[in-house]
Each structure stands twice: as structure tokens, then as C-alpha cells.
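The values are calculated or read from the model by the stated rules, or taken from the named source; none is laboratory data. Please read these numbers as outputs of a predicted model, since none were measured by experiment. A quick note on method: Cβ atoms are made from the backbone with ideal geometry, for glycine too, and the neighbour counts reach across all protein chains shown. The area values use the complete protein model at the heavy-atom level, side chains included, leaving out ligands, DNA and RNA. Shrake-Rupley method; radii C 1.70, N 1.55, O 1.52, S 1.80 Å.
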Amino acid sequence: MGETNHGPVRLIVFGRQGAGKGTQAARLSERFGIPHISTGDMLREAVREGTDFGKQAKEYMDAGQLLPDDVMLGLVSERLARPDTERGWLLDGFPRTAGQAADLQRLVPEGGITAAINLEVPEDVVVERISSRRVCTECGTIYSTNDESARSGTCEKCGGEVVQRDDDTEEAVRERLATYNEQTAPLLDHFDAQGLLATVDGVGDPDDVASRVNVALDPSLPHPQ
Ligand code: AMP
């Protein structure tokens with residue numbers, strides 16, 4: 001059950017690829033009853049649908065490169081305008097550049113962002129995690145190669161196919177990590193300066209990380225209504 005007796009909760013989850021953003025974001029979205037908006041998942045859906053947009057997006061994604069800011073702004077502004085965002089939202093994978101952070105600030109009312117969570121995981125740990133990461137093509141649940149759903153190739157939640165992401169190759173991962181360090185990591189200072197950043201140690205069991213996230217978030221949460 002989500003917690004519902006509070007004002008809008010608008011969260012951003014940061015962390016390099018493989019830091020556990022998707023896993024923690026899914027839990028937070030359930031806790032607060034807010035949509036988990038993953039730009040990567042939205043783009044992968046467009047790729048699966050085989051639209052012209054999806055085909056163009058795939059070229060960037062497979063190369064481990066970011067799509068242009070104006071394209072991402074179109075995608076995110078349309079998504080944040082939907083009615084299910086009334087009680088808040090959780091952004092996973094956006095913003096990723098200074099331009100996107102400025103765009104987001106324009107889309108959200110003044111003082112409207114509740115907190116930004118930074119899942120801190122060293123680079124060598126994420127490289128290891130990404131190489132064993134598998135994902136359900138239907139519901140997006142993330143598995144590791146040790147999980148039965150990854151071994152069987154069938155998602156235990158929805159029966160969808162469980163595969164390795166096309167952009168989880170070593171070369172694309174290196175490119176994405178470099179892009180994160182150059183373009184996304186500097187945004188953390190921007191949110192820190194506004195008193196919004198909660199940095200959490202993302203190493204270890206997902207349940208332990210989730211507890212740390214909840215503790216770090218507590219002071220930022222809006223008061224019950
Ligand atoms: P993710 O699942 O968040 O790692 O995203 C997978 C890929 O989608 C990235 O490597 C980019 O190619 C693209 N992508 C996702 N979010 C963004 C964004 N905010 N800006 C630009 N490209 C993005």
C-alpha cells in the first residue's frame with residue numbers, strides 16, 4: 001500500500017548505471033503511490049514498438065550516447081502532464097544534463113521537488129553488476145543472472161521474456177559511465193546547493209539500501225495533510 005496522506009512527493013533518483021536506480025525507484029514509487037517514470041524504460045518501449053522515433057532512439061542507446069535534450073524534454077513534459085502525476089512522481093534517468101535540469105526546473109512549480117536521491121556505488125562494482133543484469137522485456141523487472149527468472153528466461157512476475165539489454169555490452173557501458181561522470185555527476189552539486197540532495201550508500205543488499213534511502217528521505221518528506 002502506498003502512503004497517501006501527504007502532499008505531492010516529487011523525487012529524482014540519481015546514480016551511475018547499475019547503481020540500483022531502477023530497483024530502488026520501483027520500491028519508492030510503491031511506497032508513495034506515485035508513478036515511476038524511467039526515461040530509459042520509455043525509450044525501450046518505443047524501440048520495442050518499432051516506431052521511427054524508436055529506431056532513432058535505439059542508435060543512440062546502443063552506442064551508449066544520450067539523446068538530444070529537446071527530444072527528452074518533449075518526452076518528459078508530455079509524461080508529467082498526465083493525470084496520474086497529481087500526487088507526485090519519481091524520475092529515474094532524468095535529468096542527465098545541465099540543460100535537462102534547467103528544463104525540469106521550468107516544468108515543476110517553485111519549490112516543487114521533494115528530494116533528489118544519489119545512490120553512491122563505486123565504478124568497479126557497477127561494471128560487475130551490469131554484466132550480470134537481466135531485464136524483463138514486458139514489465140521491466142530487473143534480475144541478476146543468479147535469479148531463477150534470469151536462468152529460465154521467463155519473468156516470475158508477468159511471464160515476459162527476460163533478456164540482457166542491448167546496451168549492457170562492455171563498450172556501451174564504458175561510454176555510459178564516462179557520460180555519467182562528465183554530464184550527470186555535476187548536476188548533483190546543483191541539487192545539493194538547493195538542499196535537496198540525499199546521498200545514500202548503494203552497495204549491498206537491495207533491502208538494506210532501501211532502508212538507508214527511507215532514513216535519508218525522512219527529513220525531506222512533506223508533512224501529513
Ligand atoms: P537508462 O535505462 O536510464 O540507463 O537509459 C538507457 C539509455 O536511454 C541511455 O544510455 C540513453 O541512451 C537513453 N536515455 C535515457 N534517459 C535519457 C536522458 N534523460 N537523456 C538522454 N538520453 C537518455
* Structure fact -> Residue-normalised value, i.e. accessible area per residue, for region 144-198 at 1.4 Å probe, in Å², stands at 59
* Taking the simple approach of a point 7 Å from Cα along Cα-to-Cβ for both VAL127 and ALA81, what is their distance in nm? -> 4.3
* To do: Once you've got the GNM for the chain with C-alpha springs shorter than 10 Å, pick whichever of ASP124, ASP167, ASP62 has the biggest mean-square fluctuation.
  => ASP124
* Span per principal axis, largest first, for the Cα atoms of region 37-81 (Å) -> 28, 20, 17
* To do: Using +1 at the Cβ of each Lys and Arg and -1 at the Cβ of each Asp and Glu in the chain, identify which of ALA98, GLY153, HIS36 lies farthest towards the dipole's positive end.
  => HIS36
* Asked: Counting only protein heavy atoms and using a 1.4 Å probe, what share of the accessible area of the chain belongs to carbon plus sulfur, as a whole percent?
  -> 48
* Asked: Can you list the residues, at least 5 places off or on another chain, whose amide H is less than 5 Å from the amide H of HIS6, using H built in the peptide plane?
  -> GLN225
* Asked: In percent, how large is the relative contact order of the chain, given Cα pairs closer than 8 Å and 6 or more residues apart?
  -> 30
* **VAL47 accessible area, assembled protein chains, probe 1.4 Å, Å²** => 40
* **Rounded accessible area per residue of region 37-81, 1.4 Å, Å²** => 53
* **Distance (nanometres) between label positions extended 7 Å along Cα→Cβ at GLU120 and ASP201** => 0.9
* Asked: Say we join alpha carbon atoms closer than 10 Å with springs in a Gaussian network model of the chain; which of ARG134, ARG151, ARG96 then has the biggest fluctuation?
  -> ARG151
* **Length added when fully stretched, GLU110-ASP52, from 0.36 nm per residue minus Cα-Cα** => 17.3 nm
* Base-10 log of normalised Debye intensity for the chain (one unit scatterer per alpha-carbon) at q = 0.10, 0.13 Å⁻¹ -> -0.43, -0.77
* Structure fact -> From highest to lowest solvent-accessible area (probe 1.4 Å; ligands, DNA and RNA excluded), GLU110, GLU123, GLU161 read GLU110, GLU161, GLU123
